[in-house]
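Values quoted throughout were computed directly from the atomic coordinates according to the rules given, and no laboratory measurement underlies them. Bear in mind that the values here come from a model prediction, so they are computed numbers and not experimental data. Glycine gets a Cβ as well: all are built from the backbone with ideal geometry, and neighbour counts include every protein chain shown.
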Amino acid sequence: MTRRLSTMLAIVVALSGAHAAPRQPEIGIVINGEPLAVQPPPLLERGILMVPVRRTIVALGLAFTARGSRMFTAVGAKRIVLRDGSRVALVNGTPFYLDAAAVRRNGVFYAPLRFFTAVLGAEATFDRRAHVVTIIAQLLGRSGEGDFTIGNRTVRVGTVTAVDVDSDPPTVTLAFNGDVHPIAISNNAIISMRDVGVDVQVNGELADVRPGDYAEVVMRRNGTVTSVIDEYGSRYGRIAVAAPNELLMQDGHVIVPDRDTVITLNGKTAAFSDLQAGDRATVRYNVETGEVREIVAERADAQYSAQSGTASITSVSIDATHALRAGDTVTVTMLGTPGGAATFDVGAYVRGIAMTQKSAGTYTGRYTIEHSAAFVDTPIVAHLRMSDGSSVAARAVTTLSASGQPPGIVAVGPSDGASVDLNMPAVYATFVTEAVPVNPSSIRLEVDGRDVTPECLRTTHFVQYIAERTYRRGPMHVTVRVSDEAGNTTVKSWTLYIRAGR
C-alpha cells in the first residue's frame, strides 16, 4: 500500500510540475517564402528532423491519401508510397531509403526531411539556430493551403467548425487559410469516418462529423461533393489521476483540455474539475493539432432515484449477453408505473430513445448499434415521466459494450518489405481497439500459407511467433487475423525477405 501511495504521489507531482520544465523552441516551416502554420510542429528525434507529412504535402499542392499504415502522393508521373514504421519510400515501385523510419505520433504522420528533398524533388534546409525549416519547391505548383486541384477534382482540407444536417442541402464548414468556408454536401456524397487512434476507416453519416475533426472534402469541377473523409483520434480508458489541468489515463496518456473542450459526465454538461480518478472517459482529439475536442466521462456509482411522486421503476434489464457490433440490436425492458412516457439512454452516447408500453407497466425499446459506436461497460438508464409531472430514472444492472469498428493492427514486425538476416525470424503484430478489447483466442497467424497459431504467444495487445523451423531464403508471406469480443474482424498481410540460408 505504501508503495502504491508513493507511486501515485509521484505521478501527481509530475503532472503538477509538467509545465514548469523548460520547453524546446518550436520548429517552424517556411514553404516558398510563406510561413506554414503546423501544429504539432516538426520534431527532432535522435538528431534527425521529422516533418509532419500531411500539412506539408497539402501546402505544396499535392494530393495526400492515407489508407491504413500507408500514405500516398504523386509528383507529376511519380507515384510515391510511404509506410508507417518503414525507412523505405517507394517511387514508382522503386525503393528509396530514408534517414529514419516514418512514424506516427498521436495520430500525426511524420517523415524525415530527406523525404521531401530527394523523394519529392524539393530543396530544403534546416536552420538549427533559428529553428526554421525552409522548403523551396517551385515545380510543385502550390495552389494554396487547404484548397487545391488534382486533375478534374477540387480538394479542400481543414478543421471542421460546424455541421448543419438540417439545412437544404446540408453543409460542412471548414477552417483553412485563416478563414471559414461553408461547403454544401451532396445527398449521394460518400461519408467516411477514420479514427487514426485505431487505424480504422468505416462508412458513416454526415451527423457523425464533429466540429474539431480534420476533414477532406473532394468535389467535382461543378462543385458537387463526391466524398467527405473525416479524421479524428480517440482514446478510451479509466482516469488514473485527475490533476488541476490534466488527466492521466491508466494507459499512461496525459490529456490536456483547453477552453473549447466539451465535457460531459453521465450525460450532463460538466466542468473539468468534476472529473475524478476512476471515471471512464472517451477522449476525442484533432489529429493535426492534437487539441482535445471532447471528453465524455461516466461514473459507475452515479445515483438514480427509483421512485418520485407517482412515478416508480421496479426494474430495468437488457437482453445483450456479450459485446455487440454494428447492426446488432439490444432490447431494453423496464417495469414501472403504468401509463407514463418512457425513454432510455445508452450512457452519454445516445439519449432519449423512445420506449413503448407493451402491457400495463411494461415498457420496451430497442437500439441498433451504429458503425461509429465505441463504448464498453456503459450503463443503460431508463426514464419514466408521468402526466402529473413526476419523473424517475433507474439503471439496468447489466452494462452494455459495443464497437462498430474492427481492431486496428498498428504495427507489424519485421515491417512490410524489410530484409532480415535470420532464417528463423521472430514475427509479431500489435493491436489496438477503441473500446471492446481483442479476443486472444480469435487470433490466427499464417506464414507462407501455414497456420502457426499453436506456436504463437497471443494476448489482447499482440501476437508473437518465434520460428522453430528454418525458412528458405527469399520472400516470407505473413497474414494475421484478429477479432474483438464483439466479433469485428481485421486481416492484414505483409511480406518480408530472408537474406540468410539457401
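Database remark: amide H of L60 closer than 5 angstrom to no amide H (H placed geometrically; neighbours at sequence offset of 5 or more, or on other chains; Pro and chain starts carry no H). The charge dipole of region 240-296, taken about its Cα centre with unit charges on the Cβ atoms of Lys, Arg (+1), Asp and Glu (-1) only, comes to about 180 debye.
Between the Cα long axis of helix 2-16 and the first principal axis of the chain there is an angle of about 70°, rounded to the nearest 10. Annotation note: trypsin sites (Lys or Arg not before Pro) in region 179-279 located in DSSP loop regions with a Cβ neighbour count of at most 13 within 10 Å are R221. With both labels modelled 7 Å from their Cα along Cα-to-Cβ, the T321 to R153 distance reads 4.7 nm. A simple spin-label model places the labels of R221 and A175 3.4 nm from each other, with each point 7 Å out along Cα-to-Cβ. Of all DSSP bridge pairs formed entirely within the chain, close to 90 percent run antiparallel. The stretch between S167 and V254, if pulled fully straight at 0.36 nm per residue, gains 27.5 nm over its current Cα-Cα span. Fully extending the segment from F126 to S442 would add 109.0 nm, taking 0.36 nm per residue of separation and subtracting the current Cα-Cα distance. Backbone amide hydrogens, once placed in the peptide plane, bring I191 within less than 5 Å of G204, V228, excluding anything fewer than 5 places away on its chain. Per the Debye formula on identical point scatterers at the alpha carbon atoms of region 28-140, with no solvent, log10 I(q)/I(0) at q = 0.16 Å⁻¹ is -0.67. Other residues with beta-carbon under 10 Å from the beta-carbon of A89 carry, at +1 per Lys or Arg and -1 per Asp or Glu, a net charge of +3. The H on the amide N of E294, modeled in the peptide plane, is under 5 Å from the matching H of V262, R284, each at least 5 residues off or on a different chain. Note on region 343-438: percent of Cα-Cα distances in each 10 Å bin, starting at 0 and stopping at the bin with the largest distance, equals 13, 31, 21, 14, 10, 7, 4, 1.
Applying the criteria of a DSSP loop state and at most 12 other Cβ atoms within 10 Å to the GluC sites (Glu not before Pro) of region 213-294 yields no site. Label-to-label distance for T398 and Y497 is 5.4 nm, based on points extended 7 Å past Cα in the beta-carbon direction. A Förster radius of 35 Å, combined with the Cβ-Cβ distance separating E291 from T65, puts the computed FRET efficiency at roughly 0.90. Measuring nothing but how far apart in sequence close Cα pairs (under 8 Å, 6+ apart) lie, relative to its length, the chain scores a relative contact order of 9 percent.
Volume per residue of the convex hull around the Cα atoms, evaluated for region 240-296, comes out as 77 Å³.
From largest to smallest, the equivalent ellipsoid semi-axes obtained for region 408-498 from the alpha-carbon gyration tensor read 24, 13, 10 Å. 3J(HN,Hα) along region 424-433: 10, x, 9, 10, 8, 9, 10, 10, 8, 10 Hz, from the Karplus curve 6.51 cos²θ - 1.76 cosθ + 1.60 with θ = phi - 60°, whole Hz, x for Gly and Pro.
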